[in-house]
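Undergrad: This is the structure I want to talk about, given as structure tokens.
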Amino acid sequence: MMEFNTSELTLLIPEMLLLTMACVVLVADLFIPEQRRGITYLLSIATLVFTAIAILRLHDGSAIATTVIMNGAFVRDQLGDVLKLCILGVTGIVFVYSKAYLRERNLFKGEFYVLCLFAVLGMMVIVSSANMLSVYLGIELLALSSYTLVALNRDSGVASESAMKYFVLGAMASGMLLYGISMIYGATGTIDFQTMSEVIAAGGANGMILSFGLVFVVIGLAFKFGAVPFHMWLPDVYEGAPTAVTLFISSAPKLAAVAMALRLLDFGLGGLFEHWQQMLIIMAVLSLMLGNVVAIAQTNIKRMLAYSTIAHVGFMLLGILSGSETGYAAAMFYAITYAIMSAGAFGVVILLSRAGFEAETLDDFAGLNRRNPWYAFVMLSMMASLAGIPPFVGFFAKLQIINAVVDVNLTWLAIVAVIFSVIGVFYYLRIIKLMYMDEPTDEHPISPRVDMAAVLSINGALQLLLSIFAGPLIAVCVIAVSGIPG
Amino acid sequence: MNESLLLSLLIWAPIVGGVLVLFAGDGRPAMARMLALLVSLVSLLLCIPLYMGFDTGVADMQFVQQLPWIETFGIQYYLGIDGLSLPLIILTAFISLLVIIASWEAVNERVAQYFAAFLMLEGLMIGVFCAVDAFLFYVFFEAMLIPMFLIIGVWGGPNRVYATFKFFLYTFLGSVLMLVALVYMLLKGDSASILAMQDLSLTMREQTWIFFALFAAFAVKIPMFPVHTWLPDAHVEAPTGGSVILAAIMLKIGGYGFLRFSLPIAPDASLEYDWLIITFSLIAIVYVGLIAMVQTDMKKLIAYSSISHMGFVTLGTFIALSMAIAGNTSGAALALEGGMIQMISHGFISAALFLFVGVLYDRMHSRNIDDYGGVINKMPVFAAFSVLFFMANSGLPGTSGFVGEFMVILASLQANFWYAFLAATTLIVGAAYSLWLVKRVIFGEITNEKVNHLKDINGRETLVLSSLAFVILLFGIWPDPLVDVMHESIYKLVEQIQQSKLTG
């Protein structure tokens, strides 16, 4: 029967802390008067900080050993810790950026923070999952919080519509995933990744059922990533959701998705590598093509960034499908830097918005350099970084992916990827062109609060700093993925 | 001063200087200008210890600085120069200073950003010539595109947005293919250093792929027929300073890339496909020269003339291969040296010609040849300089334009009579379009009322033009210092291409 060892609970302290604090924020917010809502904001930031500290405290300086606890439901390793810290950091950035935006739109409510914290908890569960059930649990916690966040502005028809769309499609994807999981369970007789990989390696599973299960699992995964052809929800949700929410769902969940792919596909189903590699190749190429080409036709910045996300997902899949540690580390580095870039880009979109005005079209960026050269430069860094132009960090992310793909003799995929990223450069350059080469149509001064100004500036500077110090971050990723069991 | 820090200083001084200029802000143009002048002057002065400390007797990398950067991949911050890069570095620092001086009054809008972009560009271009690590090279090579994109797009002419996108996308497409080739070699040889890549043993199939990937990057940059079409657009729309940097330095990076990467890394593939590049070069020399003749826009004419002249560089580079294999070491060295000297010389001459257009454009706001005529009556000093520069462009003996072209023609005569015959037609075609332009713009009757109001060049413009005139004549009469600097490196390169990678 199940044994329960209380000492295992110490490894769960970060998650437990986050859960407790999320509940505290929920309750405390009820007693905080409207004009003191800032307390909720500070409390939420504090939650993220304390959770991060709790994760760091569990390190005793050296790299931690991979430990599977809770009867195989939860794994604590380097990969999980690095990604959790990044998720917490990015969420912190999101909280800072969204504050003024929410306040100006009467959305500055405790619900936003509580839902975000629960979504973060969901992501942390996904990142640390060691069996199918905990993956699913994490996904649902993340997804349900995200659906609600999109519908946060309940008076907005567009937001409700996109939340509905997100919910219906998301529920379908969850169903697919669950169906796949049940098939795999049927074939292998286990939901535990460790046992599963052993059974598959021993050849003790029905290949047909296993393959079918794998297809459904990959579909569920692709939906969460937003990879073509399961990307339909992404542009509509990005466009319809309040920008603060788009900011959140475009950044941190990508980190969780990469972790989920690594856990599921490598740890659990590593024995079926040849099968899922083929599927991922098709999805990666389609994502690169569709994302980059369709983004050109967009006039709405949020939609454009949504299609750009699809293209970036293609790159992340390339790293994963190479199936090597180099590739996994590359995908992880890509996801981390992408989350930072995406947060920064949406941060600038929020910066340009103000009460009664949404900076949504590309033309809202016209002449930004005249209005405020510094934030124009920050946006330039983000765009150049997303486009993969050195010396910005996005280049090093792409370089690693190309390196990983060439390393496993898939050079043609690398060539496809770079050619489509040239096409992609066009729409990023268009933003730079609008900011620098056009006259402003809107002369409102840009004056963010000091916290947002500081974080956004650091976010911009990070695009350069991370490339100067790319070495250590890459080393961290390499160490992290080398600890994946299996 | 620590010798190994000199290159870093040369790269980072202009870039940090550019950031400082940005902080001066567009609101204080005078301060931005002075600061930019100071920074570019310091950069040029830093070239003095570089030149003095350079040992011309050694072919190896000098002033080496090596620091770990991305250790997982073995990518290093690895700098060093040899005889191929030193002249180009000094050229970059020299031309950048002239551009800063020449743009003093021409730009009145967003002054600080303009000068900052040029200073950063200078640092990045010097970085390209100093990088010994292939990925460091790539970072500088690509990073250059951003300031140039802004320079053309913000301060350019009416059709600037089209031109700058075309420029960016063309060069970017070429260089991403190079990136894949570099990654391939990194994985194969386990080293990111260009020197290690040069020693890497590659099969013919690998060499062919790598050769064409590198070719895509450098042929677009130089630019070679038939991928040259971005250049006339970029030149016409760019502000004077942008055109000068583009023609004088950026195009040379393509030529430098062939010498540094293509030939030593893929010598057998280069030999196999040298006919292709020789054909393109000859087409560039003859056909593009003829295109230049029919242009009505001065900048376009000079742009086509640049493509035609860069044809000499690629011709010299690639005729060297068959000669080197045939054992004609001195012929091969002559061809390569001719190509290098042509690059340096064209750097000076094209800069001078674009500044010539700039001087006229600042006064008349027209680049159309038909709007001019009889300029000599109002601007005699300027006219004297112009005649000299156009003579140099057409390869008049005594100017630097002659030396490189003559060496390449001489070398191609040893390779194949018809190469030399076709290449030598440039002496006629080049003279025709250059002198015809002089005739129509400088001489003749004053037909346009506006020309009557022209004022001759001021002290600042005289300083810029006369310093260019000085170097053009200096290297025309006495090219020895240039040849001495590159001699050892050229011979090492010839040895490298003589050594087939297939047998060894």
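The values are calculated or read from the model by the stated rules, or taken from the named source; none is laboratory data. If you're wondering where the values come from, they're calculated on a predicted model, not measured in any experiment. Cβ placement follows ideal geometry from the backbone for every residue including glycine, while neighbour counts extend to all protein chains displayed. Protein only, heavy atoms only, side chains kept; ligands, DNA and RNA dropped before computing areas. Shrake-Rupley method; radii C 1.70, N 1.55, O 1.52, S 1.80 Å.
Undergrad: Applying the selection to segment B:51-95, what residues are more than 14 Å from chain A (Cβ to nearest Cβ) and among the charged types (D, E, K, R)?
TA: Listed by number, the residues that qualify are B:Asp55, B:Asp60, B:Asp82.
Undergrad: If you don't mind, there's one more thing I want to ask. Run A:Met316 past the list (1) closer than 21 Å to A:Val393 by Cβ; (2) open to solvent by 10 Å² or more (accessible area, probe 1.4 Å); (3) among the hydrophobic types (A, V, I, L, M, F, W, C) and report the number of the one that doesn't hold.
TA: (2)
Undergrad: Follow-up. Would you point out which residue out of A:Met208, A:Met196 is more than 27 Å from A:Cys116 (Cα to Cα) and either open to solvent by less than 10 Å² (accessible area, probe 1.4 Å) or within 15 Å of the chain's Cα centre (by Cα) (or both)?
TA: Values: A:Met208 fails: either open to solvent by less than 10 Å² (accessible area, probe 1.4 Å) or within 15 Å of the chain's Cα centre (by Cα) (or both).
Residue meeting the stated conditions: A:Met196.
Undergrad: Still on this structure, please answer the following. Failed condition for A:Pro373, given (1) more than 10 Å from every other protein chain (Cβ to nearest Cβ); (2) closer than 16 Å to A:Ser447 by Cβ, with all others met?
TA: So A:Pro373 meets the others, but not (1).
Undergrad: When segment B:449-504 is examined, which residues are found to be outside any loop (DSSP other than H, G, I, E, B) and of a type in the set (Phe, Trp, Tyr)?
TA: Narrowing segment B:449-504 to residues outside any loop (DSSP other than H, G, I, E, B): B:449-453, B:459-477, B:480-498.
The answer is B:Phe470, B:Phe475, B:Tyr491.
Undergrad: Then there is this: Which of (1) closer than 24 Å to A:Val405 by Cα; (2) out of contact with any Asp or Glu (no Cβ under 8 Å at 6 or more places or on another chain); (3) crowded, with 23+ Cβ neighbours inside 10 Å; (4) of a type in the set (Gly, Ala, Ser) does B:Ser175 not meet, given it meets every other one?
TA: It is condition (2) that B:Ser175 fails.
Undergrad: Which of the residues that make up segment A:435-453 are within 14 Å of chain B (Cβ to nearest Cβ) and charged (D, E, K, R)? Show your work before the answer.
TA: Pass one, segment A:435-453, residues within 14 Å of chain B (Cβ to nearest Cβ): A:435-440.
Once the filter is applied, which keeps residues that are within 14 Å of chain B (Cβ to nearest Cβ) and charged (D, E, K, R), segment A:435-453 yields A:Asp438, A:Glu439.
Undergrad: Looking at (1) more than 24 Å from A:Pro253 (Cβ to Cβ); (2) open to solvent by 40 Å² or more (accessible area, probe 1.4 Å), which is the one condition that is false for A:Met172?
TA: Checking A:Met172 against (1) more than 24 Å from A:Pro253 (Cβ to Cβ); (2) open to solvent by 40 Å² or more (accessible area, probe 1.4 Å), the one that fails is (1).
Undergrad: Another question about this same structure. Where in segment B:112-196 are the helices (runs of 4 or more DSSP H), entirely inside, with at least 2 residues that are within 24 Å of B:Leu50 (Cα to Cα) and within 10 Å of another protein chain (Cβ to nearest Cβ)?
TA: Hits in segment B:112-196: B:134-143.
Undergrad: Can you tell me which condition B:Trp104 does not meet? The list is (1) open to solvent by 30 Å² or more (accessible area, probe 1.4 Å); (2) outside any loop (DSSP other than H, G, I, E, B); (3) of a type in the set (Phe, Trp, Tyr), and all the others hold.
TA: (2)
Undergrad: Sort out which residues of segment B:72-94 are of a type in the set (Val, Ile, Thr) and open to solvent by 10 Å² or more (accessible area, probe 1.4 Å), and write them in order of number.
TA: Of the residues in segment B:72-94, the ones of a type in the set (Val, Ile, Thr) are B:72, B:75, B:81, B:89-90, B:92.
Passing the criteria: B:Thr72, B:Ile90.
Undergrad: For segment A:454-486: of the residues being in a loop (DSSP other than H, G, I, E, B) and away from chain B (no Cβ under 14 Å), which is nearest to A:Ile320 (Cα to Cα)?
TA: Initially, segment A:454-486 is screened for residues in a loop (DSSP other than H, G, I, E, B), giving A:469, A:483-486.
Next, only the ones that are away from chain B (no Cβ under 14 Å) stay: A:483-486.
On the way: A:Gly483: 16, A:Ile484: 13, A:Pro485: 16, A:Gly486: 15 Å.
It comes out as A:Ile484.
Undergrad: Give segment B:408-431 a look and list any residue that's hydrophobic (A, V, I, L, M, F, W, C) and either closer than 22 Å to B:Gly358 by Cα or assigned to a loop (DSSP other than H, G, I, E, B) (or both), or say none. Reasoning before the result, please.
TA: Step one: filter segment B:408-431 for residues hydrophobic (A, V, I, L, M, F, W, C), giving B:408-411, B:413, B:415, B:417-418, B:420-424, B:427-429, B:431.
B:Ala431, the sole residue that qualifies.
Undergrad: Restricting segment A:388-427 to residues that are facing chain B (nearest Cβ under 9 Å) and within 29 Å of B:Phe23 (Cα to Cα), which is most open to solvent (accessible area, probe 1.4 Å)?
TA: Among those residues, the one meeting the criterion is A:Pro391.
Undergrad: I've got another one for you. Can you tell me which residues in segment B:432-448 are hydroxyl-bearing (Ser, Thr, Tyr) and part of a loop (DSSP other than H, G, I, E, B)?
TA: We begin by selecting, within segment B:432-448, every residue hydroxyl-bearing (Ser, Thr, Tyr); these are B:433-434, B:447.
Residue satisfying the conditions is B:Thr447 alone.
Undergrad: I would also like to ask the following. Run B:Ala196 past the list (1) buried (at least 23 other Cβ atoms within 10 Å of the Cβ); (2) over 21 Å from A:Phe395 (Cβ atoms); (3) free of Cβ contacts under 8 Å to residues at least 12 places away in the same chain and report the number of the one that doesn't hold.
TA: Going through the list (1) buried (at least 23 other Cβ atoms within 10 Å of the Cβ); (2) over 21 Å from A:Phe395 (Cβ atoms); (3) free of Cβ contacts under 8 Å to residues at least 12 places away in the same chain, B:Ala196 breaks only (1).
Undergrad: Also: Any residue that is open to solvent by 10 Å² or more (accessible area, probe 1.4 Å) and assigned to a helix (DSSP H, G or I) - is there at least one of those in segment B:239-252? Walk me through how you get there before you give the answer.
TA: Taking segment B:239-252 first, the residues open to solvent by 10 Å² or more (accessible area, probe 1.4 Å) are B:239-240.
When the remaining residues are screened for being assigned to a helix (DSSP H, G or I), the result is B:240.
Yes, some residue in segment B:239-252 is open to solvent by 10 Å² or more (accessible area, probe 1.4 Å) and assigned to a helix (DSSP H, G or I).
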